Structures are given as C-alpha cells and as structure tokens.
1. Using a 1.4 angstrom probe on the protein heavy atoms only, could you order 119, 166, 358, 330 from most to least accessible area?
2. Using a 1.4 Å probe over the heavy atoms of the protein chains, calculate the carbon and sulfur portion of the accessible area of the chain as a whole percent.
3. Per DSSP H run of at least 4 residues, take -39500 (n - 2.57); add these up for the chain, divide by its residues and hand me the 222 nm value, nearest 500 deg cm²/dmol.
4. Provide the per residue accessible area, probe 1.4 Å, for region 247-360, rounded to a whole number of square angstrom.
5. Tell me the per residue accessible area of region 69-190 using a 1.4 Å probe; a whole number in Å² is fine.
6. With contacts defined as alpha carbon pairs under 8 Å and 6 or more residues apart, what's the relative contact order of region 296-360 in percent?
7. Expressed as a whole percent, how much of the Cα-Cα distance distribution for the chain exceeds 35 Å?
8. How large is ³J(HN,Hα) for each residue in region 177-183, as worked out from phi by the Karplus curve 6.51 cos²θ - 1.76 cosθ + 1.60 (θ = phi - 60°), to whole Hz, x for Gly and Pro?
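The values are calculated or read from the model by the stated rules, or taken from the named source; none is laboratory data. Everything numeric in this text was worked out from a predicted model, so none of it was measured. Don't worry about glycine lacking a Cβ; one is built from the backbone with ideal geometry, like all the others, and counts go over all protein chains shown. The area values use the complete protein model at the heavy-atom level, side chains included, leaving out ligands, DNA and RNA. Shrake-Rupley method; radii C 1.70, N 1.55, O 1.52, S 1.80 Å.
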Amino acid sequence: MLYWLTLLSDGGDFFNLFRYITFRAGGAFITALVFGFIFGRPLIAVLRRTQGKGQPIREDGPEGHFVKAGTPTMGGLLIVGALLTSTLLWARLDNPFVWLVLFVTMSFAAIGFADDYAKVSKQNTAGVSSKIRILLGLLISIIAGVWASMYHPEGLQYQLAVPVFKDTLINMGYFFVPFAVIVIVGAANAVNLTDGLDGLAIMPVMIAAATLGVIAYVVGRVDFTEDLGLHYVPGTGEMLVFTMGLIGGGLGFLWYNAPPAAVFMGDTGSLALGGALGSIAVAAKHEIVFAVVGGVFVAEAMSVMIQVLYFKRTGKRVFLMAPIHHHYEKKGWAEPQIVIRFWIISLILAMIGLATLKVR
C-alpha cells in the first residue's frame, strides 16, 4: 500500500525510497515486530480468558509435557496478524505472487484456527476431521499451483528447475500442479508436526523464510540471474517483503513462546507458516532447494511416516516416539538442548541452500 507513495516522488526525494524492495522489506520487518510486541500480551490474556484449560495435552505424549497443561494456544494469530498487516502496508499490491502467498497463508490459517478451536472447546486432541483438513488443503494447493504457473514466464511454465545444474529443466506438464500440491501441503503438515516443543518450529521457519526471501529476491532481478546463471522469474522479488514480515512477526511471537512458553502457536500458526513457505518455493521455482533448507521439517515428517509404516508391518517401532524430536526427549535430551540443536541444523541447511545460488 505504501508503495503508492512513489506517485508523490520526483525521483530524488524521500518518497522515492518506497520504490526499493529492500527498503520496504525493512519496513515490513519493523512493522511486524512492533505489532508482535504491542499485541502479544493482550492477545495472550484474551486467549487465557476464553480458552480456560488451554491446549489439551496428548495423553500418549512425553511425560514432561503435562506441566504445560493450561498454556493457551492459537498464538499463531499473532504471527498471521503481524504478517498480514506488514505485507498489506509495505508490499506492492499489484503483484500476483504477493496475493498468492497471502491466499495460501490465510487459508491454511483458517483451517488451523478451526482445528484449534475444536480442540480447546471440546478439550480433546481430535480437532477437525483429518479428511476435511486434507481435502481443504488439497483444494487450496491446487488453486495455488495453477495460480503460480499462470504467472511464471512462458519458458518456465510447468518446469521443475534443478539446483546446481542450472541449465536443467524438467518438463512436468500437467504433473506440475500435483507436484506443487505435494510441496505446499507437505510443508504445511511438516511444520505442524515440528511444532511440538517450545520454540522448536518458529526459528527454523524464520530461517527458511529468510533463505527463500533472499532466493525470491535474487531470481526476481534479471541482473542477478544473469550473473548467477539462474532462471529469471519476474515479480518474485516482492516476496522478500512478505518473508521479512514473517520474520518480524515470528520474532515477536518467539518472545512469548521461548521456554517456558506463555502461548503455543497451534495449528493456526504452523499450518499457515508451512503453507506460506511451500507457496514461496513454488512461486520462485526453488522447490528442491526448499526441501534442503527445510530439512528439519522433512526429517520430522519422514520420522512419522517411517514409524507408522514400520509399525503396521512389524508391530515394532523405529523411534522411541515420533515425530523425531520426541525420540530425543525419550532418550533423555533436555527440551532446550533439542530445540537449539535443531536451530543449528536449520542454519547449516540454510547456508547449503544459499550456496546453490552460486554453484555452477
């Protein structure tokens, strides 16, 4: 919205700054961060008052989690509110990719909110039917996949870009949309599975968002893509504004989610943030790199799938408990130890992801 202040510029004054994505990205970060600090405590107070007993704790979960009973959930509203406000203020609203990621984020946030509401109102961990969640997620992701392909340049439509081997494109044809669905739905559910310890999910989300934001900015500039041998995707640079808003909102949330958490993000936050990351990766044509950068989320999701499939076949477990962060809890690792080590792994994977931009 503030981009339109450039209409008041003669090319050499303050209003000209709003033309620059990096300036507006900084504004989005500060706006979202301030939003989080201003509305954090009031929101937590409202959630405590309205939810009563807070988020139900799984009876089959780690024993140490029962001390968290009574902690309110739906803290993702703080992140989503900060992200939405900062993006609408600072991003170019004539950019289709901005509306794409906002559509996915808010749609998955709505699914998560309904699930969280069902859990706290019924005081059980069942929530919304998994079939309904999956069907809605598939519908949102199909729309997003078609949407993204419509605005990709002709030479990249329905193509899968391969990192490192930068001249390589795999023509997926009509399979591109199902592939985009897997990326977006998979990301949403993987982040949801990761959100099991205080601060565990939000930092890897912010690290992945920062990485994808830089990638989207780079592939959205023709000069950078020519220098680095990347595929040029016009318009994706604007998503840096979105990701900086996400990081600002995420930091504001982490202030209250740091152990011991005063609030959980709930499915409202985890589904929204995962869907946002997946949609950015699809829009920027860096789905494979996202699988590397989001390796922590991939590992969490894979641990659940392996556990379920192996148990059905053999009646035995591979992990002491899934997702994998619970496995390490069962092995005696302290919660902060698990969280910080997963953060470190996320940073390493982000560096690897960014390195693919330079490698030829």
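1. 358, 330, 119, 166
2. 69
3. Helix contribution divided over all residues of the chain: -21500 deg cm²/dmol.
4. On a per-residue basis, 43 Å².
5. Computed with neighbouring chains in place, this is 45 Å² per residue.
6. 25
7. In whole percent, the share of Cα-Cα pairs in the chain beyond 35 Å is 22.
8. Using θ = phi - 60°, the values come out as 5, x, 5, 4, 4, 4, 5 Hz.
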